[in-house]
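The values are calculated or read from the model by the stated rules, or taken from the named source; none is laboratory data. Quick caveat: nothing in here was measured; it's all calculated off a predicted structure. Here Cβ is always computed from backbone atoms with ideal geometry, including for glycine, and neighbour counts include all displayed protein chains.
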Amino acid sequence: MTAALNDYLDKALKDLGPQSWWPGETPFEICVGAILTQNTAWTNVEKAIVNLKERGVLDPFKLYALPPPELAQLIRPAGYFNIKTKRLRNFLKFLIDDYEGDLERMKQERGDSLREKLLAVRGIGPETADSILLYALEKPIFVVDAYAKRIFTRHAVRGDEADYHEIQDHFARHLDTDVRVFNEFHAFIVHVGKKWCRPKNPDCENCPWKDYLPR
């Protein structure tokens, strides 16, 4: 199975090229994006982040100082804006209280203990926590999302009953434990899931991973 997963990675690198994902100018912007992207398309998150930048508040302290209704209006394009305002403020409070708003300080902590702390923040689930760890803090942890579950269930890499941590553990055991590898592989999964391996009417014929489908 190790060779198989590496084949997926190599084929995607050859056909699609490096993805340079996650989009974000700073680690903090990536954290905000990871929270806002829950249950919405990235294009909507981009609009919300533009609003925050134009207002000049894309900073932990400035963002936390905003009255919640004002913050909600700024992130409105991302959808579920009242819920996401609460989740974002919960994360900001955690970042400020535990690390004085400094992501570099957070980055110095061990990945496993930091993951536990992130998951204890109300509104931060495994996918969001792992996205923050991998993309903002450069911790070698594999991010599992709906795209990964759909693609690798169809490819019979994992059964449909496999949960988040079973899929994550599978990738961690069969790939090099490397931030760049996990980063690129997850980015390819997102790309393939959006363009070819759709929930309905998948375009298997043109998918770069079509040769790995079970016959």
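Condition check: more than 30 Å from His170 (Cα to Cα) and among the aliphatic types (A, V, I, L, M). Does Ala41 satisfy that? Taking the combined requirement at face value, the residue does not satisfy it. Residues that are among the hydrophobic types (A, V, I, L, M, F, W, C), closer than 18 Å to Ala4 by Cβ and assigned to a helix (DSSP H, G or I) within segment 168-201 comprise Phe171, Ala172, Val181, Phe182, Phe185, Phe188, Ile189, Val192, listed in sequence order.
Evaluation of Leu114 against the conditions (1) farther than 17 Å from Leu13 by Cβ; (2) in contact (Cβ under 8 Å) with a residue 40 or more places away in the chain; (3) surrounded by 18 or more Cβ atoms within 10 Å (Cβ to Cβ); (4) of a type outside the set (Lys, Arg) shows that the sole unmet condition is (2).
When restricted to residues that are farther than 17 Å from Glu29 by Cβ and either more than 11 Å from the chain's Cα centre (by Cα) or assigned to a loop (DSSP other than H, G, I, E, B) (or both), segment 125-142 contains 5. Scanning segment 30-50 for residues that are surrounded by fewer than 18 Cβ atoms within 10 Å (Cβ to Cβ) and of a type outside the set (A, V, I, L, M) returns Asn39, Thr40, Trp42, Thr43, Asn44, Glu46, Lys47. Looking only at residues of segment 81-107 that are over 20 Å from Asp130 (Cβ atoms) and in contact with a Leu (Cβ under 9 Å, 6 or more places away or on another chain), we find that the one that is surrounded by the most Cβ atoms within 10 Å (Cβ to Cβ) is Thr85. Whenever a residue of segment 133-144 is on the phi > 0 side of the Ramachandran plot and modelled with pLDDT under 95, it has no partner that is surrounded by 24 or more Cβ atoms within 10 Å (Cβ to Cβ) and not aliphatic (A, V, I, L, M) lying with C-beta atoms less than 6 angstrom away and at least six residues away or across chains. The residue that is nearest to Ala136 (Cα to Cα), counting only those in segment 13-60 that are touching a Gly at 6+ places or on another chain (Cβ under 9 Å) and of a type in the set (D, E, K, R), is Asp59.
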